[in-house]
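Visitor: Quick one: this structure, given as structure tokens, is what I'll be asking you about.
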Amino acid sequence: MIVVTNIHDMQQKMNQFRLQGKTIGFVPTMGYLHEGHVALLNEARKQNDIVVLSIFVNPLQFGPNEDFDRYPRDMKRDEAIAKEAGVHVLFYPDVAEMYPHPLSIKTVVTERVDVLCGKSRPGHFDGVVTVLMKLFNIVMPHRAYFGMKDAQQVAVVDGLIRDFNFPIELIPVPTVREEDGLAKSSRNVYLSEAERKEAPALYGALQRAKAAIEEGERSPNAIQNLVIDYIKTHTHADIDYVEIYSYPELKPIEELSGKVIIAVAVRFTNARLIDNITLDVE
């Protein structure tokens, strides 16, 4: 595995791979790698000749009350995980390398961001697509891998690739879960013992919703109420939202049909957890 910190060197290296006819799979991250990231890297390794991982804590996607400086970083640990996962190139630029001067062009996301977590984080996805446009132009991948745990981000990236004609295939990777169904997250460590026992109820509620749809329920309101009741019955968490939309458009629907997402967010004492499922409704 080689580590590259310079944009020019990275582009040269990627050009060499392309001239050799090698396919490039790309996993962009902000580091502090966990099993969810490793699942993305494993998928990239299966489908490509070269696996590229980027680690860059992007200041543009942090809001005024979100502490960029406190975001966890552990480069030595990340390097070891990357090497173990079969990464060929680790791109690790600093802020001065990625943003050497104020941006003269601003990218604003106008669709798929006014719902779910995007509703309470205005400007967040503007920062996400800005850094991704830069990274896509630097890495020049054939495929890019994103986890469905953050399904809204996947939907936004889908729109970015489509609207700007990036010659990149978007590969969404299923959420990695604990044995009891809880979506893996670095935030899970902030759950108390009692909360950790309750937390799998999020996935339980989503599975109950899926079963109701398979039994013929087509009312979004009925499914929403079912999920809310299940979470309230099985946890002490405060519900942030339970929402159902078309996917990846993230538009409200009056009746369940086509591809849809059911997404939940709850707050325990020291952790906010999100989860979702997408399904094709006949």
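The values are calculated or read from the model by the stated rules, or taken from the named source; none is laboratory data. What you see is a predicted model, and the numbers here were worked out from it, not measured in a lab. Virtual Cβ from ideal backbone geometry, glycine too; neighbours counted across all protein chains shown.
Visitor: Anything in segment 1-19 that is assigned to a helix (DSSP H, G or I) and β-branched (Val, Ile, Thr)? List them, or say none.
Guide: Listed by number, the list holds a single entry, ILE7.
Visitor: Identify the residue in segment 137-148 that is in contact with a Pro (Cβ under 9 Å, 6 or more places away or on another chain) and in a helix (DSSP H, G or I) and, among all such residues, is nearest to THR278 (Cα to Cα).
Guide: The qualifying residue nearest to THR278 (Cα to Cα) is MET148.
Visitor: May I ask you to verify whether THR130 is assigned to a helix (DSSP H, G or I) and over 27 Å from LEU202 (Cβ atoms)?
Guide: Taking the combined requirement at face value, the residue satisfies it.
Visitor: Moving on to the next point. Just wondering, is there one or more residues in segment 115-134 that are out of contact with any Pro (no Cβ under 7 Å at 6 or more places or on another chain), of a type outside the set (Phe, Trp, Tyr) and farther than 18 Å from GLN61 by Cα?
Guide: No: zero hits.
Visitor: Could you tell me which of the residues PHE62, PHE68, PHE56 is loosely packed, with under 14 Cβ neighbours inside 10 Å and either among the basic types (Lys, Arg) or closer than 25 Å to THR130 by Cβ (or both)?
Guide: PHE68
Visitor: Only one of these is touching a strand residue (DSSP E or B) at 6+ places or on another chain (Cβ under 6 Å), part of a helix (DSSP H, G or I), at pLDDT 95 or above and within 30 Å of GLY21 (Cα to Cα): ILE171, ILE161. Name it.
Guide: ILE161
Visitor: Is one or more of the residues making up segment 149-157 of a type in the set (Lys, Arg), assigned by TED's automatic domain parsing to the domain that holds MET98 and touching a Ser or Thr at 6+ places or on another chain (Cβ under 8 Å)?
Guide: yes
Visitor: May I ask you to verify whether LEU40 is closer than 26 Å to ASP9 by Cα and modelled with pLDDT under 95?
Guide: Against the criterion (closer than 26 Å to ASP9 by Cα and modelled with pLDDT under 95), LEU40 does not qualify.
Visitor: Which residue, of PHE68, PHE26, PHE62, PHE17, is in contact with a Ser or Thr (Cβ under 8 Å, 6 or more places away or on another chain) and of a type outside the set (Asp, Glu)?
Guide: PHE26
Visitor: On the basis of being of a type in the set (D, E, K, R) and more than 30 Å from ARG45 (Cβ to Cβ), does ARG143 make the cut?
Guide: It is false that ARG143 is of a type in the set (D, E, K, R) and more than 30 Å from ARG45 (Cβ to Cβ).
Visitor: Would a scan of segment 28-43 turn up a residue that is touching a Leu at 6+ places or on another chain (Cβ under 6 Å), in a strand (DSSP E or B) and closer than 20 Å to VAL157 by Cβ?
Guide: yes
Visitor: Right, here's the next one. For segment 88-113, how many residues are part of a loop (DSSP other than H, G, I, E, B), among the β-branched types (Val, Ile, Thr) and under 24 Å from the mean Cα position of the chain (by Cα)?
Guide: 5
Visitor: Given segment 186-282, what helices (runs of 4 or more DSSP H) lie entirely inside it while holding 3 or more residues that are charged (D, E, K, R)?
Guide: Qualifying helices (runs of 4 or more DSSP H): 193-198, 201-214.
Visitor: For the subset of segment 153-184 comprising residues that are closer than 21 Å to LYS46 by Cβ and exposed (fewer than 15 other Cβ atoms within 10 Å of the Cβ), which member is nearest to the chain's Cα centre (by Cα)?
Guide: Among them, the one singled out is PRO174.
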